[in-house]
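Everything below concerns the one structure shown next.
The values are calculated or read from the model by the stated rules, or taken from the named source; none is laboratory data. Computed from a prediction, not measured in an experiment: that's the story for all the values here. With ideal geometry, Cβ positions are generated from the backbone for all residues, glycine too; neighbour counts draw on all protein chains shown.
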Amino acid sequence: MAPADDSRRTPTVVVVGAGISGLAAAWEAADAGADVVLLDADRRAGGKLGTASLLGRRIDTGADAFLARRPEGTAFVQDVGLGGSLTSPATSSALVWSGGRLQRLPDGLLLGLPSSLVSLARSRVLSPLGVARAALDLVLPGDPVPADVDVAVGPLVRRRLGAEIHDRLVDPLLGGINAGDSDHLSLQAGVPQLAAAVQGHRSLVAAAWLGRRRQRRHEGIGPVFSSVKGGLGRFADQVARKLAERGSRSSSGSRPSGSSGAPAEPAASTGGASSQASVPASPPTPWSSRCRRSPPPSSSNPTPTSAARLGDIASSSVAMVCLAYREDDVAHPWTAAASWCPAGTAG
Ligand SMILES: Cc1cc2nc3c(=O)[nH]c(=O)nc-3n(C[C@H](O)[C@H](O)[C@H](O)COP(=O)(O)OP(=O)(O)OC[C@H]3O[C@@H](n4cnc5c(N)ncnc54)[C@H](O)[C@@H]3O)c2cc1C
């Protein structure tokens, strides 16, 4: 009897983690004709994308919008049939706690970095001395970052623009978005919009100005952020539902061992399916410790090398607290999508 021709079989792709990364990977694999198995430790798909009810209103419990200028997010929403529910937040302006009160962010920031010293001075977020120190960036001798070298954002900003702008603007914004400390945040991973510009310029203000100009070209054709009516949790639910309709199998509800220190096993089982490819789309640490126990790397088994790289990615916990106030009880005109608080200040 002739051996079965494996190359003609539908490949099975196992995706571990049904957050938006795993859902997107599963969607792509299904598009490519693979038999998809989607595993998650949680009972519901979506990971950090979730929606809850607070005083009769639907609110997002994680991400509430995605960058509209990246076409992939919008295309994915349309692909799963929610194109008619695309919406954009009413405001994208933000406040920062500075000088004992909430203040509007200066116009023209690129992730906390000023593209205009005039707007910076007008905003009064910095002291006059802080603005003067930031202006030195235009005349300080250049120390360009070579293209193949990555640096931490914090020290670079302090060196060029001074400590005040770092502490009051850059660190709260970048630290808040990345749940981390800008002194340990890679320029290339944390502020890719700036990383390319910095390589050609000694001045961070000039690099931010160029980055903003590039952004404005895109902003001219639509809103900066998009979301889905009913919340992004609805979007995740819809992807999971559509994947099931397309024949993808999923298994959920197996608990990872989490913070106990014991390595977590990928959840559940593949129902006996042998996979041609597996996609780790869950937090890096469990994968890292599990894959390090694999046989030595080879061209057919590169996992220990990948695992070592994953293990180098630091992560931290984030707490989400949802509060609702009666409008009459709030003195401040809350017309902002976000407010930031510098580390160490009590707001
Ligand atoms: C409060 C908050 C607000 C945010 N706001 C925004 C925003 O407005 N815009 C934006 O673009 N981004 C935002 N983000 C970031 C964004 O939500 C995340 O980057 C994104 O959702 C991560 O998706 P993911 O699939 O990579 O990971 P996750 O969503 O973390 O999914 C990982 C999945 O893996 C599962 N898992 C874990 N361990 C195992 C295991 N051992 N076996 C099997 N499964 C496992 C988990 O249950 C989870 O479902 C925000 C994040 C937070 C926390």
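Odds and ends about this structure:
- Listed by first and then second residue, the pairs linking a residue in the range 27-48 that is on the phi > 0 side of the Ramachandran plot to a residue that is more than 12 Å from the ligand (Cβ to nearest atom) and outside any strand (DSSP E or B), with Cβ atoms under 9 Å apart and 6 or more places separating them unless they lie on different chains, are GLY33/THR10; GLY33/PRO11; GLY46/ASP237.
- Taking the criterion of being at pLDDT below 85 and touching a helix residue (DSSP H, G or I) at 6+ places or on another chain (Cβ under 7 Å), the residues of the range 174-195 that qualify are GLY190, VAL191, GLN193, LEU194, ALA195.
- From ASP42, ASP107, residue being near the ligand (Cβ under 8 Å from one of its atoms) and assigned to a loop (DSSP other than H, G, I, E, B): ASP42
- Only listed residue being touching a residue at least 60 places away in the same chain (Cβ under 8 Å), in contact with a strand residue (DSSP E or B) (Cβ under 9 Å, 6 or more places away or on another chain) and more than 30 Å from LEU138 (Cβ to Cβ), chosen from VAL191, VAL239, VAL224: VAL239
- When ALA134 is tested against (1) outside any helix (DSSP H, G or I); (2) in contact (Cβ under 8 Å) with a residue 60 or more places away in the chain; (3) not charged (D, E, K, R), just one condition goes unmet, and that condition is (1).
- For ASP31, the conditions (1) modelled with pLDDT of 90 or more; (2) in contact with a Gly (Cβ under 8 Å, 6 or more places away or on another chain); (3) surrounded by fewer than 17 Cβ atoms within 10 Å (Cβ to Cβ) are fulfilled apart from (2).
- Failed item in (1) under 17 Å from LEU23 (Cα atoms); (2) in contact with a strand residue (DSSP E or B) (Cβ under 7 Å, 6 or more places away or on another chain), with ALA45 passing the rest: (2)
- The sole residue among SER85, SER115, SER123 that is modelled with pLDDT of 95 or more, surrounded by 14 or more Cβ atoms within 10 Å (Cβ to Cβ) and among the polar types (S, T, N, Q) is SER85.
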